Amino acid sequence: MVLSMNLNLNLNFPLRAFGAPAVPSPWDSTAPVREELFGIERLEQHAQSLATAQPVTASPPRVSSLRSRLRDNAAVLLAAYRASAAEVEGGAEVAPAAEWLLDNYHIVEEQIREIRDDLSPGYYRQLPKLAEGPFTGYPRVFGVAWAFVAHTDSYLDPDILRRFIAAYQRVQPLTIGELWAVAITLRIVLVENLRRLTGEITGGRVARADADALAERLLAAGGARTALETDIAARPAAPLSELFAAQLARRLRDQDPRTMPALGWLEERLGLQGTSVDEVVLHAQQRQGASNVTVRNLIMSMRLISDIDWAEWFESVSLVDARLRAGSAFADMDFPTRNLYRNAIEELARGASCPELRVAELALSATPIPASSAGEVDNRVDATGDGRRVDPGYHLIGSGRCALERAIGFRAPPRLWVSRCCKQLGLGGYVGALVLVTAGLLALALWLLPEGLAVGWLVLLALCWIVPASEVATALVNRALAGRLGATILPGLELKAGVPPALRTLVVVPTLLTGEADLCEQIERLEVHHLAGAGGDLSFALLTDGVDSDQEVLPGDAHLLAVASAAIARLNQRHGPGPAGDRFLLLHRRRVFNAAQGQWMGWERKRGKLLELNRLLRGATDTSYVAIDGQAPQVPAGVRYVITLDADTRLPRDAALRLIGKMAHPLNRPRFDAARQRVVGGYGILQPRVTPSLPIGREGSLYQRVFSGPGGIDPHAAAWRGFLYGQGHL
């Protein structure tokens, strides 16, 4: 059985725009968005029938925009709020529905502001539009939201909404953009419904005021009949409003019908309308009660809609997400990465007129292996030996993107095409753009000069203007490129349960033994790093050197090492051991003589600390790290990543997790070329910059021991010269 969608719309007044065919407007009706209240099963049936009855079109007619309707709604609601506030200040009684509006108008303003901020014209244009029905030309998701609000009496329940959308998608999948638009279209429909209800409130206020004025004249001593005759003569022959009749009957209910002619007149007029005084009073009470319930539901839904985690809700109903989770490790990635994949699918689907689910299937076609279990690291490789290919991101945002575009017949939009051209041209294109723009500015300036100037003067002026013209050209080109070439978001894993053993990480802070107070401060900061850390398989080490000196050992070195060792021991006792042994470590190097500077110092200073730490992690025993308290330098086994922090660098909460997750993502794993002895793809080092998106300080970085595999690669040759740096947002 197909359930029709009765929307209570008056379709007698078509809207015409620029010669377009007549399109019925949903704004012609003033009736509330309220239909038969459905249970969850009936609501799911209605969603399926609605999906069948809502075809979309690629050439929708021109209709009045939702933004213009929002402006009208905002003005009407503000006027209704002010009128109700003035009525309360005057001591008059207001309807319960009006009290809800008075007490919660700030919530309504917030919803209107959210809609204005989120409903961008570009986003609105991308939404599929309906081909027929009362919402012809409007987004399909707007009709879906309208139906949900109408059949739930404006009461929003996220679980019911989830089931409603899921039932709709069993017949017709919604696009990623439409699912993201569910929240904003619900806000639009709720504001629209509140506007219609406030119209009823305003109409009721006017009708009651009219009845009260007539009652005052009728109850005046000795003037009842004259007042009634005057009112009858002035009142049109149209049917009486139920609200007017109910209010007048309420005011005159204690009067004697033999002395109050208005009661007989009221009964007579209502009888001609096929009703009675008792019926209109009952209807008025029912109408007021229904309006009160609906306005209450509206306000409560507006409160709730701002508290719902719409990202989580979206991922629970997205068919694309479900397909990617079933066929890959998509669920293990962080939200920005999942969103990056979804954006790529949207872009490919729009540019190829291909369904989004089809694009997702093609991206997964080379990755049929089930996703890895939680907490494990996926080290699989495909038949070519490239581990990146087991991830759908390889085809969506990685090197396999071109092949996927060819497979679906993708046509890049102008903005993307320009961005790709800029990247391909590289530095030569940038310099060429500067030269062309500079030449153009000079030519324009010389053309504006008066005619008849000698060539020598023109050359002289050109030489004088070339510097300011180049400055202007640089600013213009940089501004243009900034809009085309944004920073790239690096994909990453979420690591919800903390750092797994397969991604064991050591956080190290290189420092000098300058004094006891400074040393204690550094150890205290090491504890702060742990308390703000991610949890899991994470250890912390203080890498120390003695200060530069004329001799190998200074008298105070032993005392400082004893203080540091005792402080580290207290930390281990306080916080307990880590998964790989002691959670806090102290590693100290002896001084070696530097002939170039004539000083005893730690070999290669901070760079040397990290190089020798890497050798120590690989099992070397000939480093300059020395035994402390009679124990040889100990490091956790199987460390995969090392995070380095300067002594004055702060490690924000979860920053370590984000760094490790970025480095562990299949698309970011370094690919080492044994012949060239260097990393040729992926990232061996991530070094965040000082920006709001990259919270670790300038000297903080994370590197992977990618050169520790078979072959015994010399770390001096590969450790620092063989890495590619990650420059994207974390």
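Here are a few things to note about the model shown:
- Contacts under 7 angstrom Cβ, first residue in the range 624-645 being in contact (Cβ under 8 Å) with a residue 40 or more places away in the chain, partner basic (Lys, Arg) and crowded, with 20+ Cβ neighbours inside 10 Å, 6 or more apart: Pro636/Arg504; Gly638/Arg504; Val639/Arg504; Arg640/Arg504
- If you go through the range 542-583 and keep only what is small (Gly, Ala, Ser), out of contact with any Leu (no Cβ under 6 Å at 6 or more places or on another chain) and buried (at least 19 other Cβ atoms within 10 Å of the Cβ), you end up with Ala567, Gly578.
- Arg605 within 15 Å of Gly546 (Cβ to Cβ) and modelled with pLDDT under 90: yes
- Tabulated pairs, the range 94-116, first more than 14 Å from Ile201 (Cβ to Cβ), second outside any loop (DSSP other than H, G, I, E, B) and of a type in the set (Lys, Arg), C-beta under 7 angstrom, 6+ apart or interchain: Ile107/Arg303; Gln111/Arg187; Glu114/Arg187; Ile115/Arg187
- Tally, over the range 152-195, of residues that are in a loop (DSSP other than H, G, I, E, B) and of a type outside the set (S, T, N, Q): 8
- Answer residue from the range 509-522, given it is free of Cβ contacts under 8 Å to residues at least 60 places away in the same chain and in a helix (DSSP H, G or I) and is surrounded by the fewest Cβ atoms within 10 Å (Cβ to Cβ) among those: Ala517
- Residue count for the range 14-59, restricted to those that are at pLDDT below 90, within 23 Å of Val293 (Cα to Cα) and out of contact with any helix residue (DSSP H, G or I) (no Cβ under 7 Å at 6 or more places or on another chain): 1
- Considering residues of the range 569-602 that are touching a strand residue (DSSP E or B) at 6+ places or on another chain (Cβ under 8 Å), of a type outside the set (D, E, K, R) and in a loop (DSSP other than H, G, I, E, B) only, the residue modelled with the lowest pLDDT: Ala580
- Within the range 125-151, the residues that satisfy the criterion of being part of a helix (DSSP H, G or I), touching a helix residue (DSSP H, G or I) at 6+ places or on another chain (Cβ under 8 Å) and buried (at least 19 other Cβ atoms within 10 Å of the Cβ) are Arg140, Val141, Phe142, Gly143, Val144, Ala145, Trp146, Ala147, Phe148, Val149, His151.
- Qualifying residue in the range 100-120 (condition: touching a Lys or Arg at 6+ places or on another chain (Cβ under 7 Å), of a type in the set (Val, Ile, Thr) and closer than 17 Å to Glu178 by Cα): yes
- Among residues of the range 306-336 being in contact with a Lys or Arg (Cβ under 9 Å, 6 or more places away or on another chain) and farther than 30 Å from Val191 by Cα, the one that is surrounded by the most Cβ atoms within 10 Å (Cβ to Cβ) is Leu324.
- Of the strands (runs of 3 or more DSSP E) lying entirely inside the range 638-688, those containing at least 2 residues that are β-branched (Val, Ile, Thr) and either touching a Pro at 6+ places or on another chain (Cβ under 7 Å) or at pLDDT 85 or above (or both) are 641-644.
- When each of Ala462, Ala454 is tested for being exposed (fewer than 14 other Cβ atoms within 10 Å of the Cβ) and over 30 Å from Arg401 (Cα atoms), the lone residue that passes is Ala454.
- Checking each residue in the range 408-438 for being at pLDDT 85 or above, surrounded by 15 or more Cβ atoms within 10 Å (Cβ to Cβ) and assigned to a helix (DSSP H, G or I) picks out Ile408, Leu434, Val437, Thr438.
- Taking the range 252-290 as the range and being modelled with pLDDT under 70 and either touching a Pro at 6+ places or on another chain (Cβ under 6 Å) or under 20 Å from Pro96 (Cβ atoms) (or both) as the test, only Leu263 passes.
- Failed item in (1) of a type in the set (Lys, Arg); (2) within 26 Å of Ile489 (Cα to Cα); (3) surrounded by fewer than 16 Cβ atoms within 10 Å (Cβ to Cβ), with Arg303 passing the rest: (2)
A quick yes/no check of all residues on (1) within 23 Å of Glu494 (Cα to Cα); (2) charged (D, E, K, R); (3) modelled with pLDDT of 95 or more; (4) part of a helix (DSSP H, G or I):
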site: Arg325; (1), (2), (3), (4): yes, yes, no, yes
site: Leu340; (1), (2), (3), (4): yes, no, no, yes
site: Ala349; (1), (2), (3), (4): no, no, no, yes
site: Asp378; (1), (2), (3), (4): yes, yes, no, no
site: Arg388; (1), (2), (3), (4): yes, yes, no, yes
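- Leading residue by the ranking (nearest to the chain's Cα centre (by Cα)) among those in the range 101-153 that are among the aliphatic types (A, V, I, L, M) and more than 20 Å from Ile305 (Cβ to Cβ): Leu130
The values are calculated or read from the model by the stated rules, or taken from the named source; none is laboratory data. Just so we're clear, the structure is a prediction, and the values are computed from it rather than from any experiment. In this analysis, Cβ positions are derived from the backbone assuming ideal geometry, glycine residues included, and neighbour counts consider all displayed protein chains.
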